[in-house]
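Each remark here refers to the structure printed beneath this line.
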Amino acid sequence: MKKVPFTVEDELYKKVKNKLEDQDTTWQEVLTELITTWVDPEKKEIVEEELLTLDEACLFLKIGRSTVYRLAKEKKIPSLKLGNLWRFRKSSLIKWVNSRIVVVI
């Protein structure tokens, strides 16, 4: 995860504005930029995070493709859909896994 100095409104606005002004940039690229860049409210900084594909999420979670697809479709796993493609933030998957850990005594 890459951390950028915090001035959220200015930095995020500039980033999106520059992308939109670039005539070679598609709206999908701008949307992807917005989705992968978010603000960590506790640390007050912009955080850029790479999105995982469905196959990468399967490898990370060590579960089958159909299971990850089903969980995403049923909104039981943190995910987002860009067009017909599923994407997953690794940090969200880690939080999701940690929230499902059960300690048996």
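The values are calculated or read from the model by the stated rules, or taken from the named source; none is laboratory data. Note that this is a predicted model, so its numbers are computed, not measured. For neighbour counting, all protein chains shown are included, and Cβ atoms are generated from backbone atoms with ideal geometry for every residue, glycine included.
A quick yes/no check of all residues on (1) loosely packed, with under 12 Cβ neighbours inside 10 Å; (2) modelled with pLDDT under 70; (3) not in a strand (DSSP E or B):
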position	(1), (2), (3)
Asp10	yes, yes, yes
Ile35	no, yes, yes
Ala57	no, no, yes
Ala72	no, no, yes
Ile77	no, no, yes
Ser92	no, no, yes
Asn98	yes, no, yes
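Scanning the range 81-90 for residues that are exposed (fewer than 14 other Cβ atoms within 10 Å of the Cβ) and either touching a residue at least 24 places away in the same chain (Cβ under 8 Å) or not assigned by TED's automatic domain parsing to the domain that holds Lys62 (or both) yields Leu82, Gly83, Leu85.
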